[in-house]
Amino acid sequence: MKFLLSLSAAIDRLNEKIGYICNFLVLLACLVSAGNAMVRYAFDYSSNAWLEAQWYMFAIMVMFGASYTFRRNEHVRVEIFYVMLSERKQLWLDLIGTLVFLIPVVLILAYLSWPLFYLSYLTYEDSGNAGGLLRWPIKIVLPAGFVLLALQGVSEVIKRAAALEGLTTIDAKYERPTQ
C-alpha cells in the first residue's frame, strides 16, 4: 500500500501542476479576449487565430481542469443522499462510484476520442477559417484530458482504500456550495 500511496501522491502532484497551468490560462484567455475586442473596435481589425487561441485555451481549461477539480474534491456530485451518509460510507460510495463509473467511462471516452485526434494528425488538419490555427494539436487534449481524469480517479481510489483501512486520513469532506 505504501507504493500505491506514493503513486497516488505523484498523480496528485501532476494534476496539481496542470491545475496551476489551467488557472493561468483563465487569466490569459481573458486578456486575449479583451485585447481582441479592443483591437476589433478600435482598429476595425479581427484575427481568427486569436479567436481560435481563446477556444483552444478554454478546451485545455475544461479538459485538464477536470482532473484538477476532482483532485480538490470540488467536482459536481449528487448530494441528496451523500450528505446524510457517515464519513466511512461516503468513502465507500466515492470508491465504488469512481471504480464502477468514472474510470471506465473516461477510459472509454479516451479510447473513442483518440481516432479523432489521430485522423486529424494524419491529415494535418487546420482551421477552415482564414488565418486560423492548426486543428490537430488541440485535438490531443480530448484523450489526454480523459486519461488525466482516469489517473486522478485511480489516485482517489487508492486514497479512499487506504483511509478505509485506517492507513491514512484524507480530507474528503464535501461542502455544499453556497447559492
One residue from Tyr82, Tyr121 being at pLDDT 85 or above and of a type outside the set (Val, Ile, Thr)
Tyr121
Options Leu112, Leu148, Leu164, Leu133; residue that is without any contact (Cβ under 8 Å) to a residue 12 or more places away in the chain and in contact with a helix residue (DSSP H, G or I) (Cβ under 9 Å, 6 or more places away or on another chain):
Leu112
Determine, yes or no, whether Ala49 is of a type in the set (A, V, I, L, M), surrounded by fewer than 17 Cβ atoms within 10 Å (Cβ to Cβ) and either touching a residue at least 60 places away in the same chain (Cβ under 8 Å) or touching a Ser or Thr at 6+ places or on another chain (Cβ under 7 Å) (or both).
yes
Within segment 83-140, tally of residues that are over 21 Å from the mean Cα position of the chain (by Cα), under 30 Å from Gly166 (Cα atoms) and β-branched (Val, Ile, Thr):
1
Just to be sure before I move on: is Gly132 in contact with a strand residue (DSSP E or B) (Cβ under 7 Å, 6 or more places away or on another chain) and buried (at least 16 other Cβ atoms within 10 Å of the Cβ) in the structure I sent?
yes
Of all residues in segment 12-32 being surrounded by 13 or more Cβ atoms within 10 Å (Cβ to Cβ) and over 20 Å from Arg71 (Cβ atoms), the one that is farthest from the chain's Cα centre (by Cα):
Val32
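The values are calculated or read from the model by the stated rules, or taken from the named source; none is laboratory data. Treat the numbers as computed from the prediction; the structure is a model and nothing was measured. Cβ sites come from the backbone with ideal geometry, for glycine too, and all protein chains shown count toward neighbours.
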